[in-house]
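These notes are about the structure you will find just below.
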Amino acid sequence: MGRETQLCFTLEHWCLWRSEATPSAGCWPAGEVLPCNGGAADVGFLPMMQRRRLSPLGRAASAVAWRCRQVGGDMPSVFFSRHGESQYYFEMLEGLAAGEEVSPSRFSLSVHNAIAGLCSFHGDSFQPYVSLAGGTEGLFAAFLEAAGLLLESPRTLVVCYEQPLPGAYRDYAASPRITWALGMVLAGGGTGPKLRLARVGGAVGDADADEPGLVQAIRQGRRSGCSRPGSSVWRWSLDDA
Amino acid sequence: MENLEAELKNLIIHTFELDGMEPSDIVSDAPLFGDGLGLDSIDALELGMALKKKYHIHIDTDSTELANYFSSVKNLAGFVVSQQEKNAR
């Protein structure tokens, strides 16, 4: 990758869920905010035997992914989370330290690609699913991956999600205050608002401390901005078609 | 034995977070796995752990009879009783 990368997507649909009530007025076009539902995303669309597997974070990601697939159909998908199931793996580590056995199902559900895997089961999907973590690009890594998948597919689903870190980690890593999940149906062409992203490498800045700037901008209706997820700078804008 | 079966049904509902399910929804001699209740192989491991914790019994994973013991609540109850009797000896 060169020092500067430019991406352009057609934003066919977006869907945001946050664990606190979020007004939908004034948000970006072509999308929706799902009801907070008392802080646990509604996954009533799933049969109980599938629902029971979902953590609070899994419910959030699954709810936005499901809604985006209803709009855009089945498609290759990129799942991104910096820290994933941090509550689960921290509880397991505490259990191990106390000499307890690890729950097999908790262990299987805390691996980083578990949520992506469950979401592919929910939709009976045979499409490629990619699960990404951390890295210096933050959630923008998911857009780089989506650009690659769009070379082979007319549309791609990006799902980003995060939850507050267990207290023990908070002195060492930025943690969101709430749980959130964002789904985006991206296409390479066609009509709709254009989401443009440009990466400028090399600059050193502060990592997004709370919810990523891009997620804040979507709900506040701010159409352009600049984020520093790590050691790079990403400029982005949403233009009407 | 009926009390133990009811206890095991509650344990299954609690362990697998079967929201909205009542013990009476689980038929004692119906299959727990596959086409029955719908539990899977990870659930089998989880159930084994829950049984060990609650009843302090040993589960021999090499036993060829294990699949049979775990096939229904009724068989599971029989298995728990036989292991508890073994422990008492």
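Which ones in the range B:1-59 are exposed (fewer than 11 other Cβ atoms within 10 Å of the Cβ) and not in a loop (DSSP other than H, G, I, E, B)? Correct list: B:GLU2, B:ASN3, B:HIS14, B:SER24, B:SER41. Kindly establish whether A:GLU145 is surrounded by fewer than 22 Cβ atoms within 10 Å (Cβ to Cβ), touching a residue at least 12 places away in the same chain (Cβ under 8 Å) and within 26 Å of A:TYR89 (Cβ to Cβ). Here the answer is yes, as A:GLU145 does meet what is asked.
Kindly provide the set of residues from the range A:84-98 that are out of contact with any helix residue (DSSP H, G or I) (no Cβ under 8 Å at 6 or more places or on another chain), away from chain B (no Cβ under 13 Å) and of a type outside the set (A, V, I, L, M), ordered by number. Listed by number, the list holds a single entry, A:GLU94.
Results for (1) modelled with pLDDT of 95 or more; (2) open to solvent by 30 Å² or more (accessible area, probe 1.4 Å); (3) not acidic (Asp, Glu), shown as yes or no for each residue.
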residue: A:VAL158; (1), (2), (3): yes, no, yes
residue: A:PRO166; (1), (2), (3): yes, no, yes
residue: A:PRO176; (1), (2), (3): no, no, yes
residue: A:TRP180; (1), (2), (3): yes, no, yes
residue: A:VAL185; (1), (2), (3): yes, no, yes
residue: A:THR191; (1), (2), (3): no, yes, yes
residue: A:GLU211; (1), (2), (3): no, no, no
residue: A:CYS226; (1), (2), (3): no, yes, yes
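Does the range A:29-45 include one or more residues that are out of contact with any Phe, Trp or Tyr (no Cβ under 6 Å at 6 or more places or on another chain), within 14 Å of chain B (Cβ to nearest Cβ) and open to solvent by 60 Å² or more (accessible area, probe 1.4 Å)? Yes, there is a match, as at least one residue in the range A:29-45 is out of contact with any Phe, Trp or Tyr (no Cβ under 6 Å at 6 or more places or on another chain), within 14 Å of chain B (Cβ to nearest Cβ) and open to solvent by 60 Å² or more (accessible area, probe 1.4 Å).
Okay, residues lined up against (1) farther than 30 Å from B:LYS53 by Cα; (2) β-branched (Val, Ile, Thr); (3) surrounded by 16 or more Cβ atoms within 10 Å (Cβ to Cβ):
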position: A:PHE79; (1), (2), (3): yes, no, yes
position: A:GLN87; (1), (2), (3): no, no, yes
position: A:SER103; (1), (2), (3): no, no, yes
position: A:SER120; (1), (2), (3): yes, no, yes
position: A:ALA133; (1), (2), (3): yes, no, no
position: A:THR136; (1), (2), (3): yes, yes, no
position: A:LEU151; (1), (2), (3): yes, no, no
position: A:ALA173; (1), (2), (3): yes, no, no
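From B:TYR69, B:TYR55, which residue is free of Cβ contacts under 8 Å to residues at least 12 places away in the same chain and of a type outside the set (Asp, Glu)?
Going through B:TYR69, B:TYR55 in turn, just one is free of Cβ contacts under 8 Å to residues at least 12 places away in the same chain and of a type outside the set (Asp, Glu): B:TYR69.
The values are calculated or read from the model by the stated rules, or taken from the named source; none is laboratory data. Fair warning: this is a prediction, and the values are worked out from it, not measured in the lab. Don't worry about glycine lacking a Cβ; one is built from the backbone with ideal geometry, like all the others, and counts go over all protein chains shown. Heads up: the accessible areas ignore ligands, DNA and RNA and are worked out on the full protein's heavy atoms, side chains in. Shrake-Rupley method; radii C 1.70, N 1.55, O 1.52, S 1.80 Å.
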